[in-house]
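Asks: The structure is given below, and queries will be raised subsequently.
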Amino acid sequence: MQPVRPRDSIPILLLTLGLCLASCTAGRRGDFSLKDHYSKAEHRIPMRDGAKLFTIVYSPKDTTQTYPILLKRSPYSIAPYGPEEYHQRLGPSEAFDRDGYIFVFQDVRGRYESEGEFELIRAHNPNKTGPDDVDESSDTYDTISWVLANVPNHNGRVGQWGISYPGWEAAMGMIDAHPALKASSPQASPTDMFIWDDWHHNGAFRPLIALAWLPRQLGLRRDRAADFPFEHGTPWGYKFLLDVGPLSRINELYFHGKIREWNEFMEHGTYDEYWQKQTLVPHLKNIRHAVLSVTGWFDSEDFYGPVSIYNKIEKETPDNRSTLVVGPWRHGAWGREDGDRLGEIDFGSKTSHYFKNQIEHPFFSYYLKNETGWSLPEAVVFETGGNRWHIHDQWPPTGLVPKELYFQAEGKLSFEAPEQSNAGAHDSYVSDPDKPVPYTTAIRTDQGHEYLVEDQRFAATRPDVLVYESDVLKEDVTIAGPVPVSLFVSTSGTDSDWIVKLIDVFPGDAPPNDRGTQMGDFQMLVVGMVMRGKFRNSLTVPEPMVPAQVTHIEFDLLDRYHTFLKGHRIMVQVQSTWFPLLDRNPQTFVDIYNARESDFRKATQRLYRSTSHPSHLVLPIRP
């Protein structure tokens, strides 16, 4: 699909016909055998501290030319092991396998066949004084040095890529990078685990992802048989976690102190040094090689990471060859799915194919092989609702018009400021932590992804959810960028979560979709975010809320590029529980990780909407 060229975009050179045909043909693997074209070798590569990391190298059998090196480091195993056992695919897409690269895969320190101790999100050490000072950056550097010296037929250029944790490894490899590293693509990489990535959103803990990931992954270490057993006893995560009660009971009932990282999480309930030292963003300085940061609008784990990587590089090294790509994808979907839909929402094309064939493959070909077909765009982003790709010379794009969308009486939303002069004008609800608002209608124990575009009518009918809706739109409204939230609220408690969801309401006469789902009045979640009340001024130093006192709370919804089409309506829902996507706030000012059952109390929440307390969102509108 050819991208739309907005007025403030820059041109992008589309692939030549031959390159496009090569990429498309690469998917037909019936006539292509990896064993016929690649030799496999296994190595134990020594790091500077003596630990040996298990590494597999696939080299082209054709030695009449030289090839670039493509490196992927992972904690998830680089199996299959053994000289005769081959991956199903070597590169990010099939086109790489046919083109010819030297593919290098490595079990990171302390995982599977590699020596050393694994540390979850190992902090970068910028002040190394000796060979025992190691981190993921130094391990990447040492690996590249060894491969360049010991693997023949390379052209001296190295690229690194990965999705999710391997994407974080790619990002860490960018810091104090080896001179031979010419192109990096950190995809779905986390950067800050307390602010907006996997474990927390604005300090609110996300138990489903922690319970699903920690026992399964961290129980492994180097012993592949040591998977930590965890049985929920029910397919319904909502019931499971509600029955558990306070988070402190997870250790009492299940982990028994055996999961080190869980113990550490429970000991660090604020944005203290434990979390701050893990973030890689402060170390992204002097990044001179090309970077392709990739994420999806509906990545429930790590949307923030790639955007923060792009923003930091642009700030620190504005002349860097850095590109941000955002598609309509869930976590990592561009690497394993067509990307044509999520849940009931159809995006109109196979967006993952567009990314692989017109962005990812030519990016590495250009920087590692000197092939044409890449024109250095700044941002390649997909507009949901309108279902179009755009190319911009920066993200967010220029020319945006910020427009306040105000909460009004009788559940109305309007771009006009409220006329209510009574400062106490408000809407209220009672938030009961024993009956929290569910985040999805799905019955599951893992977090899932489809909730990010799920029909919100199940929540709109709850008495503990405030619903505000615009009139029918007379023209398209397109937003691009983060959406600031400005709330004037009060609570009868001393702490509370404030969750805001931006929703696209379809027309009542919308036809069924291709699955037969009735889409009339469908309430599509566009984006939602939480601000934990005690962190409203500082994630590091929490403060209680004063009961019944009007409090101004500001935060951002995550970036979005979405068009509310003519005939649709804009809706905003406000609530104080989103369970069990988020842990329950007791609504009293306590250490939530160590709260007792008696700490959890009902609270009356008020949202004010007057001339002096004008609660609103700011939509970044593209004219």
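The values are calculated or read from the model by the stated rules, or taken from the named source; none is laboratory data. Keep in mind it's a predicted model, so treat the numbers as computed, not measured. Cβ placement follows ideal geometry from the backbone for every residue including glycine, while neighbour counts extend to all protein chains displayed. Quick note on the areas: whole protein, heavy atoms, side chains included, nothing else; ligands and nucleic acids left out. Shrake-Rupley method; radii C 1.70, N 1.55, O 1.52, S 1.80 Å.
Asks: Mind checking whether some residue in the stretch 591-612 is of a type in the set (Gly, Ala, Ser), open to solvent by 40 Å² or more (accessible area, probe 1.4 Å) and not in a strand (DSSP E or B)? Full working, then the answer.
Replies: Of the residues in the stretch 591-612, the ones of a type in the set (Gly, Ala, Ser) are 595, 598, 603, 610, 612.
With the extra rule that they be open to solvent by 40 Å² or more (accessible area, probe 1.4 Å), the set shrinks to 598, 612.
If we keep only those that are not in a strand (DSSP E or B) too, we end up with 598, 612.
Yes; the residues of the stretch 591-612 include at least one that is of a type in the set (Gly, Ala, Ser), open to solvent by 40 Å² or more (accessible area, probe 1.4 Å) and not in a strand (DSSP E or B).
Asks: Take the conditions in contact (Cβ under 8 Å) with a residue 60 or more places away in the chain and not in a helix (DSSP H, G or I) and apply them to residue 189. Does it pass?
Replies: Details: in contact (Cβ under 8 Å) with a residue 60 or more places away in the chain: yes; not in a helix (DSSP H, G or I): yes.
The answer is yes for residue 189.
Asks: Turning to a different aspect of this structure: Looking at the stretch 454-485 only, could you name the residues that are open to solvent by 10 Å² or more (accessible area, probe 1.4 Å) and among the small types (Gly, Ala, Ser)?
Replies: 460, 470
Asks: Output the number of residues of the stretch 613-623 satisfying the condition of being open to solvent by 10 Å² or more (accessible area, probe 1.4 Å), outside any loop (DSSP other than H, G, I, E, B) and out of contact with any Asp or Glu (no Cβ under 6 Å at 6 or more places or on another chain). Full working, then the answer.
Replies: We begin by selecting, within the stretch 613-623, every residue open to solvent by 10 Å² or more (accessible area, probe 1.4 Å); these are 613-614, 616, 618, 620-623.
Okay, now just the ones that are also outside any loop (DSSP other than H, G, I, E, B), so 614, 616, 618, 620-622.
In the following step, the residues that additionally are out of contact with any Asp or Glu (no Cβ under 6 Å at 6 or more places or on another chain) were identified as 614, 620-622.
Number satisfying all stated conditions: 4.
Asks: Considering the stretch 477-507 alone, what residues qualify as being among the β-branched types (Val, Ile, Thr) and touching a strand residue (DSSP E or B) at 6+ places or on another chain (Cβ under 7 Å)?
Replies: Keep residues of the stretch 477-507 that are among the β-branched types (Val, Ile, Thr), which gives 477-479, 483, 485, 489, 491, 494, 499-500, 503, 505.
The answer is 477, 478, 479, 483, 485, 489, 491, 499, 500, 503, 505.
Asks: Pick out the one residue from 421, 414, 428 that is under 28 Å from residue 622 (Cβ atoms), out of contact with any helix residue (DSSP H, G or I) (no Cβ under 8 Å at 6 or more places or on another chain) and open to solvent by 30 Å² or more (accessible area, probe 1.4 Å).
Replies: Details: 421 fails: under 28 Å from residue 622 (Cβ atoms); 428 fails: under 28 Å from residue 622 (Cβ atoms).
Of 421, 414, 428, the one residue that is under 28 Å from residue 622 (Cβ atoms), out of contact with any helix residue (DSSP H, G or I) (no Cβ under 8 Å at 6 or more places or on another chain) and open to solvent by 30 Å² or more (accessible area, probe 1.4 Å) is 414.
Asks: Residues 518, 549, 573, 587: which one is within 27 Å of residue 444 (Cα to Cα), of a type in the set (S, T, N, Q) and surrounded by fewer than 22 Cβ atoms within 10 Å (Cβ to Cβ)? Full working, then the answer.
Replies: Working: 549 fails: within 27 Å of residue 444 (Cα to Cα); 573 fails: surrounded by fewer than 22 Cβ atoms within 10 Å (Cβ to Cβ); 587 fails: surrounded by fewer than 22 Cβ atoms within 10 Å (Cβ to Cβ).
Just one listed residue meets the conditions, 518.
Asks: Starting from the stretch 515-532, keep only residues that are among the small types (Gly, Ala, Ser), then list their pairs with residues that are crowded, with 22+ Cβ neighbours inside 10 Å whose Cβ atoms are within a distance under 6 Å, requiring at least 6 positions of separation or different chains.
Replies: Every condition considered, the pairs that remain are 528/501.
Asks: Could I ask something else about it? Give the residues of the stretch 117-156 that are of a type in the set (A, V, I, L, M) and touching an Asp or Glu at 6+ places or on another chain (Cβ under 8 Å), sorted by residue number.
Replies: So in the stretch 117-156, the residues of a type in the set (A, V, I, L, M) come out as 120-121, 123, 134, 144, 147-149, 151.
120, 123, 134 - these are the residues of the stretch 117-156 that are of a type in the set (A, V, I, L, M) and touching an Asp or Glu at 6+ places or on another chain (Cβ under 8 Å).
Asks: Related question: Applying the selection to the stretch 437-453, what residues are out of contact with any Leu (no Cβ under 9 Å at 6 or more places or on another chain) and open to solvent by less than 30 Å² (accessible area, probe 1.4 Å)? Walk me through how you get there before you give the answer.
Replies: The initial filter retains those residues of the stretch 437-453 that are out of contact with any Leu (no Cβ under 9 Å at 6 or more places or on another chain), namely 437, 441-443.
Passing the criteria: only 437.
Asks: Here's something else I'd like to know. Please state which one of 524, 545 is modelled with pLDDT of 95 or more, hydrophobic (A, V, I, L, M, F, W, C) and assigned to a loop (DSSP other than H, G, I, E, B).
Replies: Working: 524 fails: assigned to a loop (DSSP other than H, G, I, E, B).
Sole residue among the options that is modelled with pLDDT of 95 or more, hydrophobic (A, V, I, L, M, F, W, C) and assigned to a loop (DSSP other than H, G, I, E, B): 545.
Asks: May I pose another question? Out of all the residues in the stretch 473-507, which are under 20 Å from the mean Cα position of the chain (by Cα) and at negative phi? Let's see the steps before the verdict.
Replies: Restricting attention to the stretch 473-507, the residues satisfying the condition of being under 20 Å from the mean Cα position of the chain (by Cα) are 479-484, 499-503.
479, 480, 482, 483, 484, 499, 500, 501, 502, 503, listed by residue number.
Asks: Looking at 164, 184, which is the one that is touching a residue at least 40 places away in the same chain (Cβ under 8 Å), surrounded by fewer than 24 Cβ atoms within 10 Å (Cβ to Cβ) and under 21 Å from the mean Cα position of the chain (by Cα)?
Replies: Values: 184 fails: surrounded by fewer than 24 Cβ atoms within 10 Å (Cβ to Cβ).
Just one listed residue meets the conditions, 164.
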